[in-house]
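Undergrad: Take this structure first; my questions come after.
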Amino acid sequence: MSDTCGSKVIEFYQDSVVLITGASGFLGKVLLEKLLRCLEARKIYVLIRRKRDYSAQMRLEQILKSMLFDRVRNETKAAKALFDKIEAVEVNFERDDLGLEPALRDRLRQEVEVAFNLLASVNFNEALDQALETNVECTRRVLNLLSGARRIKSVIHVSTFYSNCNRTLIEEKIYDDIGFGGYDNIKSTFAKLQDDHKQFLSPVVLGTFPNSYTFSKKCAEVVVRDKFGHLPVGIFRPPIVTSSYREPVPGWVDNFNGPSGMVVPLSQGLYSAALLDPKKKPFIVPVDFCVNALLVCAHDVSKSSVTKSIPVYNYTDDCNLWTWDQVINGFFSGLGPIRKLVAKYFTGTITVNPVRYAICKRIMMFQAFCLDLIRTFSGKEKIMQRLFSKMVTLSEVLRFFCLNDWKMTNDNIRRISDEMSPLEAEIFPLDIRKIDWTEYYRNFVPGVIKYAVQPRSPRSPSIAERKLKESKVRETKKLNSGLFYLLWSSVFIIALKIFKNLFNKV
(Lines give C-alpha, C1' and ligand atoms only; values in the text may rest on other atoms or scores of the structure.)
Protein backbone atom coordinates (compact mmCIF):
# COMPACT_ATOMS: atom_id res chain seq x y z
CA MET A 1 0.00 0.00 0.00
CA SER A 2 2.42 2.62 -1.22
CA ASP A 3 -0.24 5.16 -2.20
CA THR A 4 -0.96 7.27 0.88
CA CYS A 5 -3.05 9.85 -0.97
CA GLY A 6 -6.21 10.58 0.97
CA SER A 7 -4.99 9.06 4.23
CA LYS A 8 -2.97 10.92 6.82
CA VAL A 9 -3.19 7.83 9.04
CA ILE A 10 -1.46 5.63 6.47
CA GLU A 11 1.13 8.34 5.91
CA PHE A 12 1.72 8.54 9.67
CA TYR A 13 2.72 4.86 9.84
CA GLN A 14 4.66 4.75 6.58
CA ASP A 15 8.35 3.99 7.23
CA SER A 16 7.76 4.35 10.98
CA VAL A 17 9.25 2.32 13.83
CA VAL A 18 6.61 0.84 16.12
CA LEU A 19 6.96 -0.73 19.55
CA ILE A 20 4.32 -3.06 21.04
CA THR A 21 3.97 -4.60 24.47
CA GLY A 22 1.36 -7.29 25.02
CA ALA A 23 1.63 -8.60 21.46
CA SER A 24 1.11 -12.16 22.71
CA GLY A 25 -2.37 -11.24 23.94
CA PHE A 26 -5.65 -11.34 22.04
CA LEU A 27 -5.74 -7.65 21.13
CA GLY A 28 -1.99 -7.46 20.56
CA LYS A 29 -1.96 -10.26 17.99
CA VAL A 30 -4.67 -8.60 15.90
CA LEU A 31 -2.84 -5.26 16.14
CA LEU A 32 0.36 -6.88 14.90
CA GLU A 33 -1.46 -8.57 12.02
CA LYS A 34 -3.13 -5.32 10.92
CA LEU A 35 0.16 -3.44 11.01
CA LEU A 36 1.78 -6.06 8.78
CA ARG A 37 -1.08 -6.43 6.32
CA CYS A 38 -2.24 -2.85 5.85
CA LEU A 39 0.53 -0.47 6.87
CA GLU A 40 4.12 0.03 5.77
CA ALA A 41 5.99 0.38 9.03
CA ARG A 42 9.74 0.07 8.64
CA LYS A 43 10.30 -1.86 11.87
CA ILE A 44 8.14 -3.37 14.61
CA TYR A 45 9.70 -4.08 17.98
CA VAL A 46 7.74 -6.57 20.06
CA LEU A 47 8.61 -6.66 23.75
CA ILE A 48 8.04 -10.22 25.00
CA ARG A 49 9.09 -11.94 28.19
CA ARG A 50 10.56 -15.42 28.29
CA LYS A 51 7.97 -18.01 29.32
CA ARG A 52 9.33 -21.22 30.81
CA ASP A 53 11.63 -22.73 28.15
CA TYR A 54 10.36 -20.47 25.35
CA SER A 55 12.48 -17.47 24.46
CA ALA A 56 10.98 -14.25 23.14
CA GLN A 57 11.90 -15.23 19.58
CA MET A 58 10.32 -18.66 19.93
CA ARG A 59 7.12 -17.16 21.31
CA LEU A 60 7.00 -14.66 18.44
CA GLU A 61 7.44 -17.45 15.90
CA GLN A 62 4.54 -19.36 17.45
CA ILE A 63 2.35 -16.27 17.21
CA LEU A 64 3.19 -15.71 13.55
CA LYS A 65 2.48 -19.34 12.63
CA SER A 66 -1.11 -19.09 13.79
CA MET A 67 -4.13 -19.00 11.49
CA LEU A 68 -4.57 -15.30 12.26
CA PHE A 69 -1.66 -14.47 9.92
CA ASP A 70 -2.83 -16.59 6.96
CA ARG A 71 -3.94 -13.53 5.01
CA VAL A 72 -0.52 -11.94 5.43
CA ARG A 73 1.10 -15.14 4.18
CA ASN A 74 -1.33 -15.82 1.32
CA GLU A 75 -2.42 -12.41 0.06
CA THR A 76 0.65 -10.26 0.58
CA LYS A 77 3.60 -10.18 -1.78
CA ALA A 78 6.95 -10.80 -0.12
CA ALA A 79 5.34 -12.00 3.12
CA LYS A 80 8.71 -13.12 4.47
CA ALA A 81 10.02 -9.58 4.14
CA LEU A 82 7.04 -8.36 6.16
CA PHE A 83 7.66 -10.87 8.93
CA ASP A 84 11.34 -9.90 8.92
CA LYS A 85 10.31 -6.39 9.96
CA ILE A 86 9.38 -7.75 13.38
CA GLU A 87 12.07 -8.04 16.02
CA ALA A 88 11.39 -9.84 19.27
CA VAL A 89 12.94 -8.07 22.25
CA GLU A 90 13.23 -10.28 25.31
CA VAL A 91 12.42 -8.30 28.44
CA ASN A 92 11.92 -8.79 32.15
CA PHE A 93 9.10 -6.46 33.12
CA GLU A 94 9.87 -6.97 36.80
CA ARG A 95 13.17 -5.11 36.48
CA ASP A 96 13.34 -1.33 36.33
CA ASP A 97 15.64 -1.51 33.29
CA LEU A 98 13.42 -4.23 31.74
CA GLY A 99 16.49 -6.45 31.61
CA LEU A 100 17.68 -4.72 28.44
CA GLU A 101 21.32 -4.44 27.50
CA PRO A 102 22.43 -0.78 27.38
CA ALA A 103 23.11 -0.93 23.63
CA LEU A 104 19.65 -2.32 22.87
CA ARG A 105 18.02 0.16 25.21
CA ASP A 106 19.75 3.03 23.41
CA ARG A 107 18.74 1.63 20.02
CA LEU A 108 15.08 1.50 21.04
CA ARG A 109 15.23 5.05 22.34
CA GLN A 110 16.90 6.19 19.15
CA GLU A 111 14.46 4.54 16.73
CA VAL A 112 10.96 4.11 18.22
CA GLU A 113 8.36 6.61 16.98
CA VAL A 114 5.02 5.01 17.85
CA ALA A 115 4.31 2.80 20.87
CA PHE A 116 1.35 0.72 21.98
CA ASN A 117 1.34 -0.43 25.59
CA LEU A 118 -1.08 -3.36 25.74
CA LEU A 119 0.69 -5.13 28.57
CA ALA A 120 -1.79 -6.18 31.27
CA SER A 121 -2.92 -8.98 33.54
CA VAL A 122 -6.61 -9.69 33.00
CA ASN A 123 -6.86 -12.08 35.94
CA PHE A 124 -9.78 -10.56 37.84
CA ASN A 125 -9.10 -12.71 40.91
CA GLU A 126 -5.45 -11.74 41.20
CA ALA A 127 -4.12 -10.48 44.52
CA LEU A 128 -4.24 -6.68 44.62
CA ASP A 129 -0.48 -6.21 45.06
CA GLN A 130 0.21 -8.49 42.08
CA ALA A 131 -2.34 -6.68 39.91
CA LEU A 132 -0.74 -3.34 40.81
CA GLU A 133 2.70 -4.73 40.00
CA THR A 134 1.69 -5.89 36.52
CA ASN A 135 -0.80 -3.25 35.46
CA VAL A 136 0.83 -0.20 37.05
CA GLU A 137 4.50 -0.81 37.77
CA CYS A 138 5.21 -2.63 34.51
CA THR A 139 3.50 0.20 32.64
CA ARG A 140 5.67 2.68 34.53
CA ARG A 141 8.83 0.82 33.48
CA VAL A 142 7.80 0.72 29.82
CA LEU A 143 6.96 4.43 29.80
CA ASN A 144 10.27 5.18 31.53
CA LEU A 145 11.96 3.55 28.56
CA LEU A 146 9.90 5.63 26.15
CA SER A 147 10.60 8.84 28.10
CA GLY A 148 14.08 8.78 26.60
CA ALA A 149 12.87 8.09 23.06
CA ARG A 150 14.22 10.87 20.85
CA ARG A 151 11.79 10.49 17.95
CA ILE A 152 8.63 9.50 19.77
CA LYS A 153 5.46 10.86 18.16
CA SER A 154 2.72 8.94 19.90
CA VAL A 155 2.20 6.55 22.81
CA ILE A 156 -1.08 4.76 23.41
CA HIS A 157 -1.68 3.22 26.82
CA VAL A 158 -4.50 0.68 26.64
CA SER A 159 -6.66 0.79 29.74
CA THR A 160 -10.27 -0.41 30.02
CA PHE A 161 -13.64 1.29 29.91
CA TYR A 162 -14.29 -0.30 33.30
CA SER A 163 -11.37 1.43 35.02
CA ASN A 164 -14.02 3.66 36.60
CA CYS A 165 -16.85 1.15 36.82
CA ASN A 166 -17.69 2.40 40.32
CA ARG A 167 -19.31 5.36 38.56
CA THR A 168 -22.59 5.36 36.66
CA LEU A 169 -21.35 7.94 34.15
CA ILE A 170 -17.88 7.45 32.63
CA GLU A 171 -16.51 10.43 30.74
CA GLU A 172 -13.39 10.77 28.62
CA LYS A 173 -11.21 12.04 31.42
CA ILE A 174 -8.87 10.65 34.06
CA TYR A 175 -10.43 10.25 37.51
CA ASP A 176 -7.93 10.42 40.35
CA ASP A 177 -10.23 9.59 43.29
CA ILE A 178 -8.18 6.56 44.29
CA GLY A 179 -8.38 7.20 48.02
CA PHE A 180 -6.06 6.09 50.82
CA GLY A 181 -3.61 8.87 50.03
CA GLY A 182 -3.26 7.90 46.39
CA TYR A 183 -1.50 5.10 44.55
CA ASP A 184 2.00 5.78 45.90
CA ASN A 185 0.75 5.50 49.48
CA ILE A 186 -1.08 2.25 48.73
CA LYS A 187 2.04 0.85 47.08
CA SER A 188 4.35 1.76 49.99
CA THR A 189 1.84 0.46 52.56
CA PHE A 190 1.45 -2.93 50.84
CA ALA A 191 5.22 -3.25 50.54
CA LYS A 192 5.46 -3.36 54.33
CA LEU A 193 2.68 -5.90 54.92
CA GLN A 194 2.66 -9.67 55.12
CA ASP A 195 0.48 -11.62 52.72
CA ASP A 196 -2.32 -12.28 55.21
CA HIS A 197 -2.45 -8.59 56.11
CA LYS A 198 -2.58 -7.64 52.43
CA GLN A 199 -5.46 -10.04 51.91
CA PHE A 200 -7.32 -8.48 54.84
CA LEU A 201 -6.74 -4.90 53.66
CA SER A 202 -7.42 -5.43 49.94
CA PRO A 203 -11.28 -5.33 50.11
CA VAL A 204 -11.05 -2.09 52.07
CA VAL A 205 -8.80 -0.51 49.43
CA LEU A 206 -10.95 -1.78 46.55
CA GLY A 207 -14.11 -0.35 48.09
CA THR A 208 -16.84 -0.39 45.45
CA PHE A 209 -14.56 -1.77 42.73
CA PRO A 210 -15.50 -5.36 41.85
CA ASN A 211 -11.95 -6.67 41.45
CA SER A 212 -8.25 -5.86 41.48
CA TYR A 213 -8.07 -5.61 37.68
CA THR A 214 -10.36 -2.59 37.30
CA PHE A 215 -8.84 -0.82 40.31
CA SER A 216 -5.27 -1.35 39.09
CA LYS A 217 -6.15 -0.04 35.63
CA LYS A 218 -7.57 3.09 37.24
CA CYS A 219 -4.31 3.53 39.18
CA ALA A 220 -2.31 3.09 35.98
CA GLU A 221 -4.21 5.92 34.30
CA VAL A 222 -3.37 8.26 37.17
CA VAL A 223 0.31 7.25 37.06
CA VAL A 224 0.39 7.89 33.30
CA ARG A 225 -1.04 11.36 33.86
CA ASP A 226 1.15 12.29 36.85
CA LYS A 227 4.46 10.78 35.77
CA PHE A 228 4.39 10.84 31.98
CA GLY A 229 2.42 13.90 30.96
CA HIS A 230 5.52 15.12 29.11
CA LEU A 231 5.08 12.32 26.56
CA PRO A 232 2.70 12.50 23.57
CA VAL A 233 0.49 9.92 25.26
CA GLY A 234 -3.19 9.01 25.07
CA ILE A 235 -5.34 6.58 27.04
CA PHE A 236 -7.50 4.13 25.11
CA ARG A 237 -10.41 2.47 26.94
CA PRO A 238 -12.03 -0.52 25.23
CA PRO A 239 -14.94 -2.36 26.89
CA ILE A 240 -15.50 -6.13 26.44
CA VAL A 241 -13.43 -7.09 23.38
CA THR A 242 -14.74 -10.11 21.50
CA SER A 243 -14.14 -12.01 18.26
CA SER A 244 -13.47 -10.27 14.97
CA TYR A 245 -16.25 -8.82 12.82
CA ARG A 246 -14.54 -8.86 9.42
CA GLU A 247 -10.73 -8.83 9.72
CA PRO A 248 -8.70 -10.79 9.06
CA VAL A 249 -11.56 -13.32 9.01
CA PRO A 250 -15.03 -13.17 10.62
CA GLY A 251 -15.29 -14.73 14.06
CA TRP A 252 -11.60 -15.09 14.94
CA VAL A 253 -10.90 -15.51 18.66
CA ASP A 254 -8.25 -17.45 20.55
CA ASN A 255 -9.53 -17.48 24.13
CA PHE A 256 -12.51 -18.33 26.32
CA ASN A 257 -12.71 -15.04 28.19
CA GLY A 258 -16.06 -13.30 28.52
CA PRO A 259 -18.81 -14.32 26.08
CA SER A 260 -16.54 -16.85 24.32
CA GLY A 261 -16.47 -19.05 27.40
CA MET A 262 -20.22 -18.70 27.86
CA VAL A 263 -21.06 -20.26 24.50
CA VAL A 264 -18.71 -23.27 24.54
CA PRO A 265 -21.02 -25.62 26.50
CA LEU A 266 -24.04 -24.61 24.42
CA SER A 267 -22.13 -25.24 21.20
CA GLN A 268 -21.47 -28.81 22.32
CA GLY A 269 -25.07 -29.52 23.37
CA LEU A 270 -24.26 -29.18 27.07
CA TYR A 271 -26.09 -27.36 29.81
CA SER A 272 -24.91 -23.85 30.66
CA ALA A 273 -26.17 -21.11 32.96
CA ALA A 274 -25.30 -17.42 33.22
CA LEU A 275 -25.96 -14.92 35.96
CA LEU A 276 -26.89 -11.77 34.08
CA ASP A 277 -29.68 -9.26 33.64
CA PRO A 278 -31.23 -9.83 30.19
CA LYS A 279 -32.47 -6.23 30.11
CA LYS A 280 -29.02 -4.66 30.56
CA LYS A 281 -27.04 -3.53 27.52
CA PRO A 282 -23.38 -4.60 27.56
CA PHE A 283 -20.66 -2.63 25.81
CA ILE A 284 -19.12 -5.14 23.39
CA VAL A 285 -16.72 -4.38 20.52
CA PRO A 286 -15.19 -6.71 17.92
CA VAL A 287 -11.42 -6.96 18.18
CA ASP A 288 -10.75 -5.80 14.61
CA PHE A 289 -12.78 -2.60 15.09
CA CYS A 290 -10.92 -2.08 18.37
CA VAL A 291 -7.54 -2.36 16.64
CA ASN A 292 -8.62 0.07 13.92
CA ALA A 293 -9.59 2.57 16.60
CA LEU A 294 -6.24 2.04 18.35
CA LEU A 295 -4.31 2.83 15.19
CA VAL A 296 -6.34 5.94 14.40
CA CYS A 297 -6.15 7.18 18.01
CA ALA A 298 -2.35 6.94 17.91
CA HIS A 299 -2.35 9.25 14.91
CA ASP A 300 -4.74 11.59 16.72
CA VAL A 301 -2.42 11.73 19.75
CA SER A 302 0.45 12.80 17.53
CA LYS A 303 -1.64 15.76 16.36
CA SER A 304 -2.70 16.79 19.88
CA SER A 305 0.67 16.35 21.56
CA VAL A 306 1.01 20.10 21.99
CA THR A 307 -2.00 20.19 24.34
CA LYS A 308 -1.47 19.94 28.08
CA SER A 309 -4.20 17.42 28.87
CA ILE A 310 -3.88 13.74 28.02
CA PRO A 311 -6.58 12.66 25.55
CA VAL A 312 -8.80 9.80 26.68
CA TYR A 313 -10.73 7.65 24.21
CA ASN A 314 -13.79 5.75 25.46
CA TYR A 315 -14.15 3.24 22.67
CA THR A 316 -17.83 2.59 23.29
CA ASP A 317 -21.11 3.87 21.96
CA ASP A 318 -24.60 3.78 23.42
CA CYS A 319 -26.25 3.70 19.99
CA ASN A 320 -27.18 0.43 18.31
CA LEU A 321 -26.65 -1.53 21.53
CA TRP A 322 -28.21 -4.93 22.11
CA THR A 323 -29.52 -6.18 25.43
CA TRP A 324 -28.05 -9.35 26.95
CA ASP A 325 -31.25 -11.14 25.96
CA GLN A 326 -30.69 -10.16 22.32
CA VAL A 327 -27.02 -11.11 22.55
CA ILE A 328 -27.82 -14.60 23.87
CA ASN A 329 -30.42 -15.10 21.14
CA GLY A 330 -27.76 -13.96 18.69
CA PHE A 331 -25.48 -16.70 20.01
CA PHE A 332 -28.27 -19.23 19.44
CA SER A 333 -28.55 -18.14 15.79
CA GLY A 334 -25.03 -19.45 15.20
CA LEU A 335 -25.90 -22.97 16.33
CA GLY A 336 -27.22 -25.75 14.14
CA PRO A 337 -31.01 -26.24 14.07
CA ILE A 338 -31.09 -29.08 16.61
CA ARG A 339 -28.59 -27.58 19.03
CA LYS A 340 -30.28 -24.22 18.71
CA LEU A 341 -33.58 -25.79 19.75
CA VAL A 342 -31.96 -27.71 22.60
CA ALA A 343 -30.03 -24.65 23.83
CA LYS A 344 -33.00 -22.31 23.69
CA TYR A 345 -35.51 -24.50 25.47
CA PHE A 346 -33.48 -26.95 27.53
CA THR A 347 -29.76 -26.36 28.07
CA GLY A 348 -29.49 -22.56 28.34
CA THR A 349 -30.50 -20.73 31.51
CA ILE A 350 -30.27 -16.98 32.11
CA THR A 351 -31.15 -15.61 35.50
CA VAL A 352 -30.63 -12.61 37.75
CA ASN A 353 -31.47 -14.63 40.85
CA PRO A 354 -28.36 -15.79 42.79
CA VAL A 355 -30.26 -18.67 44.41
CA ARG A 356 -31.44 -20.03 41.09
CA TYR A 357 -27.95 -19.61 39.65
CA ALA A 358 -26.48 -21.57 42.58
CA ILE A 359 -28.83 -24.45 41.70
CA CYS A 360 -27.82 -24.15 38.04
CA LYS A 361 -24.17 -24.42 39.00
CA ARG A 362 -24.94 -27.68 40.81
CA ILE A 363 -26.55 -29.01 37.63
CA MET A 364 -23.54 -27.97 35.55
CA MET A 365 -21.11 -29.70 37.90
CA PHE A 366 -23.29 -32.83 38.08
CA GLN A 367 -23.28 -32.85 34.30
CA ALA A 368 -19.48 -32.60 34.35
CA PHE A 369 -19.34 -35.51 36.82
CA CYS A 370 -21.44 -37.66 34.49
CA LEU A 371 -19.27 -36.77 31.51
CA ASP A 372 -16.14 -37.68 33.46
CA LEU A 373 -17.79 -40.97 34.38
CA ILE A 374 -18.30 -41.70 30.69
CA ARG A 375 -14.70 -40.73 29.97
CA THR A 376 -13.53 -43.08 32.69
CA PHE A 377 -15.45 -45.97 31.13
CA SER A 378 -13.87 -45.01 27.78
CA GLY A 379 -10.36 -45.10 29.29
CA LYS A 380 -9.89 -41.33 29.07
CA GLU A 381 -8.68 -38.77 31.54
CA LYS A 382 -11.28 -37.10 33.76
CA ILE A 383 -11.12 -33.42 32.75
CA MET A 384 -14.70 -32.20 32.50
CA GLN A 385 -15.17 -31.25 36.15
CA ARG A 386 -12.00 -29.20 36.02
CA LEU A 387 -13.02 -27.51 32.78
CA PHE A 388 -16.53 -26.70 33.99
CA SER A 389 -15.13 -25.36 37.24
CA LYS A 390 -12.96 -22.95 35.26
CA MET A 391 -15.91 -21.88 33.12
CA VAL A 392 -18.04 -21.25 36.20
CA THR A 393 -15.23 -19.20 37.72
CA LEU A 394 -14.90 -17.11 34.55
CA SER A 395 -18.65 -16.52 34.53
CA GLU A 396 -18.72 -15.46 38.15
CA VAL A 397 -15.94 -12.88 37.84
CA LEU A 398 -18.00 -11.25 35.08
CA ARG A 399 -21.21 -11.03 37.09
CA PHE A 400 -20.65 -7.38 38.02
CA PHE A 401 -20.47 -6.43 34.33
CA CYS A 402 -23.44 -8.62 33.41
CA LEU A 403 -25.75 -7.21 36.06
CA ASN A 404 -24.99 -3.51 35.57
CA ASP A 405 -24.79 -0.98 32.78
CA TRP A 406 -23.27 2.48 32.43
CA LYS A 407 -23.70 5.80 30.74
CA MET A 408 -20.74 7.26 28.93
CA THR A 409 -19.37 10.00 26.71
CA ASN A 410 -17.25 9.33 23.64
CA ASP A 411 -16.74 12.71 22.00
CA ASN A 412 -13.13 11.97 21.04
CA ILE A 413 -14.02 8.69 19.35
CA ARG A 414 -16.88 10.27 17.41
CA ARG A 415 -14.65 13.18 16.44
CA ILE A 416 -11.90 11.00 14.93
CA SER A 417 -14.54 8.90 13.20
CA ASP A 418 -16.08 12.00 11.61
CA GLU A 419 -12.65 13.33 10.57
CA MET A 420 -11.66 10.18 8.67
CA SER A 421 -11.40 10.33 4.90
CA PRO A 422 -13.41 7.83 2.81
CA LEU A 423 -10.23 5.80 2.24
CA GLU A 424 -9.46 5.72 5.96
CA ALA A 425 -13.03 4.73 6.80
CA GLU A 426 -12.65 1.81 4.41
CA ILE A 427 -9.26 0.66 5.71
CA PHE A 428 -9.86 1.41 9.40
CA PRO A 429 -13.60 0.84 10.04
CA LEU A 430 -14.22 1.72 13.67
CA ASP A 431 -17.73 3.16 13.92
CA ILE A 432 -19.53 0.77 16.27
CA ARG A 433 -22.86 2.25 15.21
CA LYS A 434 -22.46 0.69 11.76
CA ILE A 435 -21.97 -2.90 12.93
CA ASP A 436 -24.61 -5.39 11.83
CA TRP A 437 -24.95 -7.24 15.12
CA THR A 438 -27.23 -9.88 13.60
CA GLU A 439 -24.49 -10.89 11.20
CA TYR A 440 -21.83 -10.57 13.89
CA TYR A 441 -23.49 -12.89 16.41
CA ARG A 442 -24.40 -15.37 13.70
CA ASN A 443 -20.65 -15.86 13.17
CA PHE A 444 -19.79 -15.76 16.87
CA VAL A 445 -20.31 -19.39 17.94
CA PRO A 446 -18.89 -20.89 14.71
CA GLY A 447 -15.83 -18.68 15.20
CA VAL A 448 -15.31 -19.83 18.79
CA ILE A 449 -15.54 -23.46 17.67
CA LYS A 450 -13.25 -23.06 14.67
CA TYR A 451 -10.54 -20.86 16.14
CA ALA A 452 -10.62 -21.44 19.91
CA VAL A 453 -12.07 -24.91 20.51
CA GLN A 454 -10.54 -26.60 17.47
CA PRO A 455 -7.62 -24.38 16.41
CA ARG A 456 -5.29 -25.46 13.65
CA SER A 457 -1.87 -26.60 14.78
CA PRO A 458 0.75 -23.88 14.13
CA ARG A 459 2.92 -26.43 12.35
CA SER A 460 2.23 -29.24 9.89
CA PRO A 461 1.45 -32.40 11.87
CA SER A 462 3.27 -35.64 11.20
CA ILE A 463 1.47 -38.66 9.73
CA ALA A 464 1.31 -40.28 13.14
CA GLU A 465 -0.12 -37.11 14.67
CA ARG A 466 -2.73 -36.84 11.94
CA LYS A 467 -3.78 -40.45 12.47
CA LEU A 468 -3.96 -39.90 16.21
CA LYS A 469 -6.07 -36.76 15.73
CA GLU A 470 -8.38 -38.57 13.29
CA SER A 471 -8.76 -41.38 15.79
CA LYS A 472 -9.66 -38.89 18.53
CA VAL A 473 -12.19 -37.21 16.25
CA ARG A 474 -13.84 -40.54 15.51
CA GLU A 475 -13.95 -41.36 19.21
CA THR A 476 -15.47 -37.98 19.96
CA LYS A 477 -18.15 -38.44 17.34
CA LYS A 478 -18.98 -41.86 18.70
CA LEU A 479 -19.21 -40.41 22.17
CA ASN A 480 -21.49 -37.59 21.03
CA SER A 481 -23.77 -39.87 19.05
CA GLY A 482 -23.78 -42.81 21.44
CA LEU A 483 -23.71 -43.08 25.18
CA PHE A 484 -23.51 -39.33 25.87
CA TYR A 485 -26.66 -38.43 23.98
CA LEU A 486 -28.46 -41.46 25.37
CA LEU A 487 -27.65 -40.33 28.90
CA TRP A 488 -28.32 -36.70 28.11
CA SER A 489 -31.65 -37.34 26.39
CA SER A 490 -32.95 -39.67 29.08
CA VAL A 491 -31.86 -37.74 32.16
CA PHE A 492 -30.85 -34.13 31.71
CA ILE A 493 -33.35 -32.80 29.20
CA ILE A 494 -36.28 -34.14 31.18
CA ALA A 495 -34.81 -32.86 34.43
CA LEU A 496 -34.02 -29.47 32.95
CA LYS A 497 -37.49 -29.08 31.49
CA ILE A 498 -38.98 -29.76 34.91
CA PHE A 499 -36.48 -27.42 36.50
CA LYS A 500 -37.20 -24.56 34.09
CA ASN A 501 -40.93 -24.97 34.54
CA LEU A 502 -40.54 -24.79 38.30
CA PHE A 503 -38.30 -21.73 38.26
CA ASN A 504 -39.32 -19.83 35.12
CA LYS A 505 -40.86 -17.08 37.20
CA VAL A 506 -38.04 -16.78 39.69
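Undergrad: Condition first: outside any loop (DSSP other than H, G, I, E, B), small (Gly, Ala, Ser) and out of contact with any Phe, Trp or Tyr (no Cβ under 7 Å at 6 or more places or on another chain). Now tell me which residues in the range 99-136 satisfy that.
TA: Ala103, Ala115, listed by residue number.
Undergrad: Consider the range 162-206. How many of its residues are open to solvent by 80 Å² or more (accessible area, probe 1.4 Å) and either in contact with a Lys or Arg (Cβ under 8 Å, 6 or more places away or on another chain) or not assigned by the TED database to the domain that holds Gln130 (or both)?
TA: Matching residues across the range 162-206 total 2.
Undergrad: Run down Thr189, Thr139 and say which single residue is assigned to a helix (DSSP H, G or I), under 20 Å from the mean Cα position of the chain (by Cα) and not acidic (Asp, Glu).
TA: Thr139
Undergrad: Still on this structure, please answer the following. Got a sec? Which of Ile350, Ile374, Ile328, Ile363 is on the phi < 0 side of the Ramachandran plot, open to solvent by 50 Å² or more (accessible area, probe 1.4 Å) and in contact (Cβ under 8 Å) with a residue 24 or more places away in the chain?
TA: Of the residues listed, the single one that is on the phi < 0 side of the Ramachandran plot, open to solvent by 50 Å² or more (accessible area, probe 1.4 Å) and in contact (Cβ under 8 Å) with a residue 24 or more places away in the chain is Ile350.
Undergrad: Can you name the residue in the range 28-81 that is assigned to a strand (DSSP E or B) and under 23 Å from the mean Cα position of the chain (by Cα) and, of all such residues, is farthest from Val287 (Cα to Cα)?
TA: Tyr54
Undergrad: I'd like to know if the range 390-397 contains one or more residues that are open to solvent by less than 60 Å² (accessible area, probe 1.4 Å) and in contact with a Ser or Thr (Cβ under 6 Å, 6 or more places away or on another chain).
TA: So far as the range 390-397 goes, no, none of its residues is open to solvent by less than 60 Å² (accessible area, probe 1.4 Å) and in contact with a Ser or Thr (Cβ under 6 Å, 6 or more places away or on another chain).
Undergrad: So Arg95 fits all but one of (1) assigned to a loop (DSSP other than H, G, I, E, B); (2) in contact (Cβ under 8 Å) with a residue 24 or more places away in the chain; (3) open to solvent by less than 40 Å² (accessible area, probe 1.4 Å); what number is the exception?
TA: Here Arg95 clears every test but (3).
Undergrad: Could you list, in sequence order, all residues of the range 44-66 that are in contact (Cβ under 8 Å) with a residue 24 or more places away in the chain and either of a type in the set (Gly, Ala, Ser) or open to solvent by 50 Å² or more (accessible area, probe 1.4 Å) (or both)?
TA: Correct list: Arg49, Arg50, Ser55, Ala56, Gln57, Gln62, Lys65, Ser66.
Undergrad: So which residues in the range 367-396 are of a type in the set (Lys, Arg) and closer than 18 Å to Gly261 by Cα?
TA: Arg386, Lys390
Undergrad: In this structure, does Ile328 turn out to be closer than 21 Å to Pro239 by Cα and assigned to a helix (DSSP H, G or I)?
TA: yes
Undergrad: I'd like the full set of residues that are among the acidic types (Asp, Glu) and within 11 Å of the chain's Cα centre (by Cα), limited to the range 228-258.
TA: Residue satisfying the conditions is Asp254 alone.
The values are calculated or read from the model by the stated rules, or taken from the named source; none is laboratory data. Predicted model only: the values in this text are computed from it and were never measured. For neighbour counting, all protein chains shown are included, and Cβ atoms are generated from backbone atoms with ideal geometry for every residue, glycine included. In case anyone asks, the SASA skips ligands and DNA or RNA and just uses the protein heavy atoms, side chains included. Shrake-Rupley method; radii C 1.70, N 1.55, O 1.52, S 1.80 Å.
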